[in-house]
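**Student:** Here it is: the structure, laid out below.
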Amino acid sequence: MIPIALDPRFARLAVAGNGPLALRRFRALRAAGATDALLFSDAPDDEAVVEAGTALRRAMPGPDDLAVLHVLWIVDLPRDRAEALAAAARARHLLVNVEDVPPLCDFHSVAEVRRGDLLLTISTNGRAPGLAGVIRRNLELRYGPEWAGRVAEIGALREGWRREGVTMPEAAKRIATLASERNWLCDRVCDFTTPQSQS
């Protein structure tokens, strides 16, 4: 699998399905910034109706709907309906994920931890999603809410350094030194100032 981070401003995303898992996936897309994501459901419950609002389509996506989408998550549908919808979407060159059915997936959704602009992801290539969840919970403990501020601070410093003409290798060195001096990643003093550090 090839990991990417997809900017929802440039892709039309949708979830098709019924039930709490479909709504959970829709919520996750919204939380990631996909404010224009759609929820297709031919049997939406009251919670989905309220939460999706104008983004709810009370049917499964048809050919015209699929023609304008880029990525589709299919969730909480019987296998035969999911297969048919996945085939129709794929024929229109959409990327498709049928949740919990790896053979029908063009991509796998990763387990994630978000702390402001910091995004940590875990994937087991669809082989062991439960293990990915265990690792995610571990990362949530290790990387607490304070990391949102740390990333924002580093981002502001980098902008200033760019204006000053600081090179990328020098910026990387400064960031590594700061992280090491503040002991951000270890319970003991660590040295992150190796040449491989990235800015």
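**Student:** Quick check: residue separation of GLU146 and ASP64 times 0.36 nm, minus the Cα distance between them. What number comes out in nm?
**Tutor:** On the way: separation 82, 0.36 × 82 = 29.52 nm, distance 4.46 nm.
So the chain would gain 25.1 nm between GLU146 and ASP64.
**Student:** Using θ = phi - 60° and the Karplus form 6.51 cos²θ - 1.76 cosθ + 1.60, what ³J(HN,Hα) does each residue of region 139-145 get, whole Hz, x for Gly and Pro?
**Tutor:** So the J values, rounded to whole Hz, are 5, 4, 6, 6, 10, x, x.
**Student:** Amide H neighbours of PHE40 under 5 Å, at least 5 residues apart or on other chains, H built in the peptide plane: list them.
**Tutor:** Residues meeting the amide H criterion: VAL15, ALA16, GLY17, ARG57.
**Student:** Under 11 Å from a point 7 Å along the Cα-to-Cβ line of LEU131: which residues of region 87-103 have their amide N that close?
**Tutor:** Inside the label zone: nothing.
**Student:** Something else about it: From the phi angles alone, apply the Karplus equation (6.51, -1.76, 1.60; θ = phi - 60°) to region 168-176 and give each ³J(HN,Hα) in whole Hz, x where the residue is Gly or Pro.
**Tutor:** Taking θ as phi minus 60°, the curve returns 4, x, 5, 4, 4, 5, 5, 5, 4 Hz for region 168-176.
**Student:** Using the Cβ atoms and a cut-off under 11 Å, what net charge is assigned to the surroundings of SER123, where Lys and Arg are +1 and Asp and Glu are -1? Could you put the intermediate results ahead of the total?
**Tutor:** Values: positive: ARG127, ARG136; negative: GLU112.
Net charge in that neighbourhood comes out at +1.
**Student:** Let me ask you something else. Just the accessible area for GLU170, please: 1.4 Å probe, Å², rounded to the nearest 10?
**Tutor:** Rounded to the nearest 10, the figure is 70 Å².
**Student:** Explain nothing, just compute: Karplus ³J(HN,Hα) = 6.51 cos²θ - 1.76 cosθ + 1.60, θ = phi - 60°, for every residue of region 18-24 in order, whole Hz, x for Gly and Pro.
**Tutor:** Values per residue, Gly and Pro as x: 10, x, x, 5, 5, 5, 4 Hz.
**Student:** What accessible area per residue, rounded to a whole number of Å², is obtained for the chain using a probe radius of 1.4 Å?
**Tutor:** On the way: 12260 Å² over 199 residues.
Roughly 62 Å² per residue, with all protein chains present.
**Student:** With all protein chains present, how much of the accessible area of region 114-184 (probe radius 1.4 Å) comes from carbon and sulfur, to the nearest whole percent? If you can, show how the numbers build up before the last one.
**Tutor:** Values: 2480 of 4670 Å².
With neighbouring chains kept in place, the figure for region 114-184 is 53 percent.
**Student:** Okay, moving on. Quick check on the chain: of the DSSP beta bridges with both residues there, what percent are antiparallel, nearest 5%? Kindly include the intermediate steps, with their values, before the conclusion.
**Tutor:** Numbers: 5 of 19 bridges.
The antiparallel fraction comes to roughly 25 percent.
**Student:** Show me 123-131, 81-89 ranked by packing, highest mean number of other Cβ atoms within 10 Å first.
**Tutor:** Values: 123-131: 13.2, 81-89: 18.0.
My ranking of the peptides, most packed first, is 81-89, 123-131.
**Student:** If you compute Rg and Dmax of the Cα atoms in Å for the structure shown, which of [x] 18.5, 56; [y] 18.3, 60; [z] 20.5, 59 do you land on?
**Tutor:** So the calculated entry is the one marked [z].
The values are calculated or read from the model by the stated rules, or taken from the named source; none is laboratory data. This one's a predicted model, so the numbers in the text were calculated from it and none came from an experiment. Glycine gets a Cβ as well: all are built from the backbone with ideal geometry, and neighbour counts include every protein chain shown. Calculation scope for accessible area: heavy atoms of the full protein, side chains included, ligands and nucleic acids excluded. Shrake-Rupley method; radii C 1.70, N 1.55, O 1.52, S 1.80 Å.
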